[in-house]
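Colleague: Quick one: this structure, given as structure tokens, is what I'll be asking you about.
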Amino acid sequence: MSETGASAKRPWRLVVDCNAYTDFSISVSPAVERAVAKGEAPPTVFLDIFDRDSITIGINEDPTQVLDLDFCRSAGIEVRRRVNGGGAIYAGAGSIFVCFYLPTDLPGIPQTSREAFPLVLGAVAETLRRRYDVPAAYRPLNDVEVQGRKLMPTSLKIEDGVMTMRILINTAPINVEVAARAIPLPPEKVKDKIHKDMASRYTDLQRETGRSFSEAELEQLTRQVAEDAFGVEDLQRENLTDIERTYAAELRERLSSDDWLYGKTEAVRFGDLAGARVGRGRVKAPGGLIWTALKIRDRSVEAAIVNGDWHPRPTESIDWLERDLVGCDAEVDALEARVRGFLARQDIEFAGIECEHLVAALTQSLDRLTPAATASA
């Protein structure tokens, strides 16, 4: 692979490890991303094999909206909120993450979500078809499916000069009954899907091939995906560095807290509700599910929450949108003008999310305003 630029001087590495999905997501993964961004680690492909079942939600999600937290507690299911986008994901022991942490100054590295998902996920689908004769197919925006059944959820972050793509391949079956109770699916979420319930909607590689997979074979699968997506054939297997382990420990301490988990809830964001009205909306867009909540006082927006399972770029742009809505008149036309102006910015990308989708959710929020004392989440 011909390479130029500062990042091209360092060979790509492959790291193979076993961590819980939750712990990897909040500690190891962002630690590697940070190290690559700082030039302290080379371009990295990471194979993580999950050692137990667990759940994460996206950075722009409210666990009280997307999870049955009482059930999760009673079932002993660990829950964490990630630092990247996407939705709530139940990952089972034996399944894997194939993750890419790649400097964007490398040739051929996508610069946008619209470029990244078809390139990488198309390559994953091709790898699975060729190696295992599984009829996997890329489904826009960010799914790989087998005859309508979801095989792998994904997340993407392109920030600080690094493209981070994390592909969770269900190589082993999960307990779909437990997963379905832990993550209830809103009807909007599956209205455009062939399969409407979790048991029929999800599949795994063991089911599709009729056999299990050794660590050695999973490593070869990871290497093949890297080659098919980026043309890299000579990944050097290495361990995490000491600085990455230090970063991971720091991140684990901060992102395991309840303050972080509940950071996008109304209880945290809305504060004093005396005399206010609250309304909520929920709309499915091609890029994902949008949840909005507005706190209205004196006919203007005092606070706004925009949650969802899509992949904004940069991640913090959701916070910018929420701030832009504050002070807006509580009228559809005024909110639409704010949203349209925001989306016209050149420094953001809401792939699969258009102005009309956000406005539809905000309109629902206005239509459903209720005095806060009687509003139900």
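The values are calculated or read from the model by the stated rules, or taken from the named source; none is laboratory data. None of these values were measured; they are calculated from a predicted model. For neighbour counting, all protein chains shown are included, and Cβ atoms are generated from backbone atoms with ideal geometry for every residue, glycine included. Just so you know, the surface numbers come from the protein's heavy atoms only, side chains and all, with ligands and any DNA or RNA stripped out. Shrake-Rupley method; radii C 1.70, N 1.55, O 1.52, S 1.80 Å.
Colleague: Given a 1.4 Å probe, how much area per residue of the stretch 240-377 is accessible, in Å²? Can you show the working numbers first?
Modeller: Values: 6420 Å² over 138 residues.
Ligands and nucleic acids excluded, the figure is 47 Å² per residue.
Colleague: Which sequence of 277, 139 reflects their accessible areas, 1.4 Å probe, from the largest down?
Modeller: 277, 139
Colleague: Heavy atoms only, probe 1.4 Å: what % of the accessible area of the stretch 184-299 goes to carbon and sulfur, would you let me know? List each step's numbers first, then the result.
Modeller: Numbers: 2770 of 5960 Å².
The C+S portion of the solvent-accessible surface of the stretch 184-299 is 46 percent.
Colleague: Moving to a separate point now. Kirkwood Rh over Cα pairs of the stretch 184-337 into Stokes-Einstein at 4 °C, 1.567 mPa s: D in µm²/s?
Modeller: The estimated diffusion coefficient comes to 64 µm²/s.
Colleague: Can you tell me the FRET efficiency between residue 40 and residue 340 if r is taken as the Cβ-Cβ distance and R0 is 51 Å, rounded to the nearest 0.05? Each step should come with its number before you reach the end.
Modeller: On the way: r = 41 Å, r/R0 = 0.80.
The value I calculate is 0.80.
Colleague: Mind running the shape call on the stretch 71-113? Use the C-alpha gyration tensor, a ≥ b ≥ c as the square roots of the eigenvalues: rounded below 1.5 for a/c, prolate if a/b tops b/c, oblate otherwise.
Modeller: Cα axes put the stretch 71-113 in the prolate bin.
Colleague: Could I ask something else about it? Diagonalise the Cα gyration tensor of the stretch 285-377 and give the resulting equivalent ellipsoid semi-axes, square root of 5 times each eigenvalue, largest first, whole Å.
Modeller: Value: 22, 14, 12 Å, ordered largest first.
Colleague: Now for a different question. Is the shape of the stretch 128-260 rounded, prolate or oblate, going by the alpha carbon gyration tensor and its root eigenvalues a ≥ b ≥ c, with a/c under 1.5 for rounded and a/b larger than b/c for prolate? Write down the numbers at each step before the final one.
Modeller: Numbers: a/c = 1.76, a/b = 1.18, b/c = 1.50.
Oblate, because a/c is 1.5 or more while a/b does not exceed b/c.
Colleague: Residue 131 versus residue 250, label points 7 Å from Cα toward the beta carbon: distance in nm?
Modeller: Roughly 3.5 nm, to one decimal.
Colleague: Here is a follow-up. Scale the Cα Rg of the chain by the rule-of-thumb value 2.2 N^0.38 Å and send over the ratio, two decimals. If you can, show how the numbers build up before the last one.
Modeller: On the way: Rg = 20.8 Å, N = 377, 2.2 N^0.38 = 21.0 Å.
Taking the Cα Rg and dividing by 2.2 N^0.38 Å, one obtains 0.99.
Colleague: What are the principal axis extents of the Cα atoms in the stretch 1-145, in Å, biggest first?
Modeller: On the principal axes, the stretch 1-145 reaches 53, 38, 27 Å in Cα extent.
Colleague: Let me ask something else about it. One-quarter of the Cα convex hull surface for the stretch 60-136, in nm²?
Modeller: Values: hull surface 30.3 nm².
Mean projected area of the Cα convex hull: 7.6 nm².
Colleague: Across the chain, how many lysine pairs, 8 or more apart or on two chains, come within less than 15 Å at their alpha-carbon atoms?
Modeller: Here the count comes out as 10.
Colleague: Under a 1.4 Å probe, what is the accessible area of the stretch 60-103 per residue, stated in Å²?
Modeller: Numbers: 1170 Å² over 44 residues.
For the stretch 60-103, the per-residue accessible area is 27 Å².
Colleague: If you don't mind, there's one more thing I want to ask. On full extension of the chain, what length is gained from residue 212 through residue 268, given 0.36 nm per residue of separation minus the C-alpha to C-alpha distance? Can you show the working numbers first?
Modeller: Working: separation 56, 0.36 × 56 = 20.16 nm, distance 4.40 nm.
Length difference between fully extended and current span is 15.8 nm.
Colleague: Run through the stretch 69-149 and list the GluC sites (Glu not before Pro) located in a DSSP loop whose Cβ has at most 15 other Cβ atoms within 10 Å.
Modeller: Details: sites: 78, 115, 126, 145; in loops: 78.
Within the stretch 69-149, the qualifying GluC sites (Glu not before Pro) (loop, at most 15 other Cβ atoms within 10 Å) are 78.
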